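Taking it in order: structure first as structure tokens, then the write-up.
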Amino acid sequence: MRFLLDDEQREFARSLHALLTAADTSSAVRGWAAGDHGPGLALWRRLADAGVFALAVPEAYGGVGPLPVETAVAYLELGRHGVPGPVVESVAAGVLLAGVGGAVAEEWLPRIASGTAVVSLVLEGYGPYALDADVADAVFTVAGDELRLAPGPGAPRVSADPARRLFRPEAGGEAAAAGPGVRGAARAAGDWAAFATAAQALGCGEELLRATVAYGRQRTQFGAPIGSFQAVKHRLADTLLGLEFARPLLYGAAVELAEGSPGAGAAVAAAKVTAGEAGYAAARTALQLHGAVGYTQELDLAWWLRRARPLRDAWGTPAACRARVLGLP
């Protein structure tokens, strides 16, 4: 399959990159980790105005979707710039509620698409934690055939990435919908969450590689930039190959999702494991070539380093994704 982005999609990527570059996203990330959500929520509203959260919401509910390819384009940029907040959970919730329909969709989908509501999500089979539940206007949970609105964010849990704040939502809460349709909608939402996370992981890896290449040109050893050393070149080339091999799998999964293919879930799992591992490999390369400076909180690189592994494991661990690709239970 030969696939190229069209002019509109490339312009969408450029506009998001320009928006996030001008927004000083690293300050929003640091504030989010410290519990100051103001800058992050301001950035959220700007992304909503750019149409990011409308991409998975059907037009009937005020969205423009579902548009998987554009979602991949957008979430690559969100990962590259390290945007904080439950951005993946919002796109997945849009798919979930659109599949469920009814009053809950009519109430929440227009708010998700417009960015006036921040939502988080817990799906059975993907772990018990909701990302940034403390700042979310709603936390949806799905268990079996029942969709519920959690009564509270619950207790926080420590994450390897301090800007990814995990909570175990309180049990109970209002039942929003029930029936076999909920289970099918949850499967679709899980696929979209894994897909968007794969795009984030790939974008994170690309930013780590960019920063490492730039550092390799600046730092000198034995009178020469370390980037000129053969061993460093080989390590950087291997990292680039890993990221580039993940890209066609990501866009291939987007095409499968757009076509509603029966193999879309396996394609998403292949993209997720490949992008997640490539992003994590980029983090290991970045840390090794930066040395001790990579650990310092003052360097923005540290925040991307801490994000790579959680993104690899969120919404489908490598083992779970490989099992799905192979058709294992």
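Within the range 55-69, identify whether any single residue is buried (at least 23 other Cβ atoms within 10 Å of the Cβ) and within 19 Å of Ala136 (Cα to Cα), and answer yes or no. Looking for residues that are buried (at least 23 other Cβ atoms within 10 Å of the Cβ) and within 19 Å of Ala136 (Cα to Cα), one finds at least one in the range 55-69, hence yes. Residues in the range 67-95 that are under 23 Å from Glu256 (Cβ atoms) and in contact with a Gly (Cβ under 8 Å, 6 or more places away or on another chain): Thr71, Tyr75, Leu76, Glu77, Leu78, Gly79, Ala92, Gly94.
Table: residues versus (1) exposed (fewer than 15 other Cβ atoms within 10 Å of the Cβ); (2) of a type in the set (A, V, I, L, M); (3) modelled with pLDDT of 90 or more.
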| position | (1), (2), (3) |
| --- | --- |
| Val122 | no, yes, yes |
| Gly125 | yes, no, yes |
| Asp134 | no, no, yes |
| Asp137 | yes, no, yes |
| Pro156 | yes, no, yes |
| Ser159 | no, no, no |
| Gly179 | yes, no, no |
| Gly184 | yes, no, yes |
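Whenever a residue of the range 50-79 is of a type in the set (Asp, Glu), its partners that are in a helix (DSSP H, G or I), lying with C-beta atoms within less than 7 angstrom and at least six residues away or across chains, give the pairs Glu70/Gln9; Glu70/Phe12; Glu77/Ala13; Glu77/Leu16; Glu77/His17; Glu77/Leu20; Glu77/Gly203.
Kindly indicate whether Gly205 is at pLDDT 95 or above and either surrounded by fewer than 20 Cβ atoms within 10 Å (Cβ to Cβ) or closer than 29 Å to Asp300 by Cβ (or both).
Values: at pLDDT 95 or above: yes; either surrounded by fewer than 20 Cβ atoms within 10 Å (Cβ to Cβ) or closer than 29 Å to Asp300 by Cβ (or both): yes.
Yes: the conditions hold for Gly205.
Scanning the range 294-308 for residues that are assigned to a helix (DSSP H, G or I) and without any contact (Cβ under 8 Å) to a residue 12 or more places away in the chain, which turns out nearest to Ala160 (Cα to Cα)?
Top of the filtered list is Ala302.
Residues that are outside any helix (DSSP H, G or I), under 23 Å from His37 (Cα atoms) and aliphatic (A, V, I, L, M) are absent from the range 104-116 altogether.
Put simply, of Gly327, Gly291, Gly279 the only residue that is on the phi > 0 side of the Ramachandran plot, outside any loop (DSSP other than H, G, I, E, B) and small (Gly, Ala, Ser) is Gly291. Residue selection: Arg306 satisfies the criterion of being touching an Asp or Glu at 6+ places or on another chain (Cβ under 9 Å) and crowded, with 18+ Cβ neighbours inside 10 Å.
Of the helices (runs of 4 or more DSSP H) lying entirely inside the range 1-77, those containing at least 2 residues that are among the polar types (S, T, N, Q) span 7-22, 25-33.
Looking for something part of a helix (DSSP H, G or I), touching a residue at least 40 places away in the same chain (Cβ under 8 Å) and either of a type in the set (D, E, K, R) or not assigned by TED's automatic domain parsing to the domain that holds Thr285 (or both) - is there at least one such residue anywhere in the range 229-237?
Within the range 229-237, the subset part of a helix (DSSP H, G or I) is 230-237.
Narrowing the set further to residues that are touching a residue at least 40 places away in the same chain (Cβ under 8 Å) leaves 232, 235-236.
Checking the rest, the ones that are also either of a type in the set (D, E, K, R) or not assigned by TED's automatic domain parsing to the domain that holds Thr285 (or both) come to 235.
Yes, that holds for at least one residue.
The values are calculated or read from the model by the stated rules, or taken from the named source; none is laboratory data. On a predicted model such as this, the values are computed, not experimentally measured, just so you know. Quick reminder, even Gly has a Cβ in these numbers, built from the backbone with ideal geometry, and neighbours come from all protein chains shown.
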